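**Student:** Take a look at the following structure, please.
The values are calculated or read from the model by the stated rules, or taken from the named source; none is laboratory data. These numbers were taken from a predicted model, which means no experiment stands behind them. When we count neighbours, we look across all protein chains shown, and the Cβ atoms used for this are built from the backbone with ideal geometry, even at glycine. These accessible areas exclude ligands, DNA and RNA; they are computed on the full protein's heavy atoms, side chains included. Shrake-Rupley method; radii C 1.70, N 1.55, O 1.52, S 1.80 Å.
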Amino acid sequence: MILKIENLSKSFADNEVLKDVSLTMDKGEIIAVIGSSGSGKSTMLRCINGLVTPTSGKIEYEGRTGMVFQHFNLFPHMTCLQNITYAQVKVLKRSKEEARRKAEELLSLVGLLDQANKYPSQISGGQKQRIAIARALAMDPEIMLFDEATSALDPEITGEVLTVMKKLAEKHMSMLVVTHEMGFAREVSDRVLFMSEGKILEEGAPNEIFEDPKSSELKSFLKSMIRL
Ligand code: ADP
Ligand code: MG
């Protein structure tokens with residue numbers, strides 16, 4: 001087991017956004033999290049990586065988490081290479097040379113070694129997101145959290161980011177992926193969680209969730225996704 005969440009709840013003022021969520025994740029597991037906007041998906045990820053403090057409950061994991069956001073959040077004044085080396089040197093105290101070697105390895109994994117010295121403003125959205133993935137991986141996370149990593153991208157660009165995510169899945173990276181890409185959830189994930197109003201309402205293998213939804217909420221959510 002790589003992650004264990006027990007009875008996680010989170011309220012913002014009197015708005016209870018997460019309600020008693022429990023979840024365990026195995027090493028190497030790919031979990032897709034689906035659900036309507038406002039159902040608490042981002043808040044759950046943010047509680048896991050410490051950006052949000054839970055109101056109650058317990059979250060346990062070893063090592064680090066890496067997170068990829070919808071809006072890349074690259075440092076605009078740094079080159080792609082510097083974006084990837086910065087925290088390695090600052091936080092992990094790696095030597096500049098070591099950080100650079102690691103960054104080049106990851107740039108090559110995401111297919112962007114040739115863009116190393118460009119600034120974020122000089123590359124496309126899909127490329128920015130691939131740099132953001134490389135930057136997160138540079139910290140050697142045990143778990144990668146993706147929060148709608150392709151939602152801000154044009155449809156023809158999402159493929160290149162999904163391809164990188166699939167590559168990570170093939171390398172058995174443990175991944176918790178909030179996504180509206182039902183194809184990705186279906187084909188790549190081991191397990192799908194459906195969140196509704198702050199709860200995990202259904203969870204199961206992709207074929208169970210997509211072929212045999214139980215709740216009226218999941219049924220209508222899946223219908224709404226097909227219409228898109
Ligand atoms: P999702 O990612 O599924 O769209 P979120 O976790 O972003 O859902 O949001 C769930 C609910 O929590 C929403 O009603 C949202 O307005 C509220 N919320 C999220 N973050 C905050 C915050 N920092 N302060 C107040 N309310 C928040
Ligand atoms: Mg969200």
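**Student:** Taking Cα atoms, how many degrees apart are the long axis of helix 80-90 and the longest axis of the chain, rounded to 10 and kept between 0 and 90?
**Tutor:** It is inclined by approximately 80 degrees.
**Student:** Which longest run of the chain has no exposed loop site in it, a site being trypsin sites (Lys or Arg not before Pro) in a DSSP loop with at most 11 other beta carbons within 10 Å, and the site itself not part of the run?
**Tutor:** Values: sites that count: K93, K171.
Here the longest run is 1-92.
**Student:** How fast does region 90-209 diffuse by Stokes-Einstein, in µm²/s, taking the Kirkwood radius from C-alpha pairs at 4 °C and 1.567 mPa s? Don't skip to the end; give the middle numbers.
**Tutor:** Values: Rh = 15.8 Å.
For the chosen part, D equals 82 µm²/s.
**Student:** Y86 to K4: FRET efficiency via 1/(1 + (r/R0)^6), r the Cβ-Cβ distance, R0 25 Å, to the nearest 0.05?
**Tutor:** Plugging the Cβ-Cβ distance into 1/(1 + (r/R0)^6) gives 0.20.
**Student:** Tell me, how many Å apart are the Cα centres for region 74-99 and for region 1-71?
**Tutor:** 27
**Student:** Points 7 angstrom from Cα along the Cβ direction at D190 and K171: gap in nanometres?
**Tutor:** Computed distance between label sites D190 and K171 equals 1.8 nm.
**Student:** On to the next question. What angle do you read, to the nearest 10 degrees and between 0 and 90, between the alpha-carbon axis of helix 125-137 and the longest principal axis of the chain?
**Tutor:** For helix 125-137, the angle is close to 90 degrees.
**Student:** Taking only Cα atoms, what is the 0 to 90° angle, nearest 10, from helix 155-170's long axis to the longest principal axis of the chain?
**Tutor:** 90
**Student:** If you don't mind, another one. Counting Lys and Arg as +1 and Asp and Glu as -1, each charge on the Cβ, what is the dipole of region 164-227 about the Cα centre in debye, to the nearest 20? Don't skip to the answer; put the middle values down first.
**Tutor:** Details: 10 positive and 11 negative charges, 42 e Å.
Computed charge dipole of region 164-227: roughly 200 debye.
**Student:** Hey, any idea what % of region 138-205's accessible area is carbon plus sulfur with a 1.4 Å probe?
**Tutor:** Numbers: 1220 of 2750 Å².
Roughly 44 percent, rounded to a whole number.
**Student:** At a Förster distance of 30 Å, what's the computed FRET efficiency of S11 paired with K223, Cβ-Cβ distance as r, to 0.05? Show your work: numbers first, answer last.
**Tutor:** Numbers: r = 30 Å, r/R0 = 1.01.
Approximately 0.50, to the nearest 0.05.
**Student:** With just the Cα atoms defining each centre, how far is region 103-158 from region 176-201? Give it in Å.
**Tutor:** Between the Cα centres of region 103-158 and region 176-201 lies a distance of 22 Å.
**Student:** Per residue Cα convex hull volume for the chain, in cubic angstrom? Present the calculation step by step, with values, prior to reporting the outcome.
**Tutor:** Details: hull volume 28.8 nm³, N = 228.
Value for the chain: 126 Å³ per residue.
**Student:** If you take the beta carbon distance between D140 and D26 as r and set R0 to 30 Å, what does 1/(1 + (r/R0)^6) give as a FRET efficiency, to the nearest 0.05?
**Tutor:** Values: r = 19 Å, r/R0 = 0.63.
It comes to 0.95.
**Student:** Once you list every other residue whose beta carbon is under 9 Å from the beta carbon of I30, what net charge do they have if Lys and Arg are +1 and Asp and Glu are -1?
**Tutor:** Numbers: positive: R191; negative: E29, D190.
Residues near I30 contribute -1 overall.
**Student:** With no solvent and one point on each alpha carbon, what is the Debye value of log10 I(q)/I(0) for region 98-154 at q = 0.16, 0.21, 0.23, 0.24 Å⁻¹?
**Tutor:** -0.50, -0.83, -0.97, -1.03
**Student:** If you don't mind, there's one more thing I want to ask. Of V91, V188, V164, which is the most mobile in a GNM of the chain whose springs link Cα atoms less than 10 angstrom apart?
**Tutor:** Most flexible of the set in this elastic network: V91.
**Student:** With a bin width of 5 angstrom, please list the P(r) values of region 178-224 as percents of all Cα-Cα pairs, from the 0 bin to the one holding the largest distance.
**Tutor:** 5, 22, 37, 27, 8, 0
**Student:** Give the residue from V178, L145, A116 lying farthest towards the positive end of the charge dipole for the chain; charges sit on Cβ (+1 for Lys and Arg, -1 for Asp and Glu) and the dipole is referred to the Cα centre.
**Tutor:** A116
**Student:** Another question, then. Of all beta bridges DSSP finds with both residues in the chain, what is the antiparallel percent, to the nearest 5? Before the final figure, lay out each step's value.
**Tutor:** Details: 17 of 34 bridges.
Taking every DSSP beta bridge within the chain, about 50 percent pair in antiparallel fashion.
**Student:** In deg cm²/dmol and to the nearest 500, what is the mean residue ellipticity at 222 nm of the chain if only DSSP H runs of at least 4 residues count, each as -39500 (n - 2.57), divided by the residue total?
**Tutor:** On the way: 8 runs with 87 residues, N = 228.
Calculated mean residue ellipticity at 222 nm is -11500 deg cm²/dmol.
**Student:** Which value results when the Cα radius of gyration for region 123-175 is divided by 2.2 N^0.38 Å?
**Tutor:** Working: Rg = 10.8 Å, N = 53, 2.2 N^0.38 = 9.9 Å.
Dividing the Cα radius of gyration by 2.2 N^0.38 Å gives 1.08.
**Student:** Let me ask something else. Rounded to the nearest 20 debye, what is the charge dipole size of region 89-220 about its Cα centre when +1 sits on each Lys and Arg Cβ and -1 on each Asp and Glu Cβ?
**Tutor:** Details: 19 positive and 23 negative charges, 179 e Å.
Around 860 debye, computed over region 89-220.
**Student:** For region 24-166, with only Lys/Arg (+1) and Asp/Glu (-1) charged at the beta-carbon, what is the dipole magnitude about the Cα centre, in debye rounded to 20? Write down the numbers at each step before the final one.
**Tutor:** On the way: 17 positive and 16 negative charges, 102 e Å.
The dipole magnitude comes to about 480 debye.
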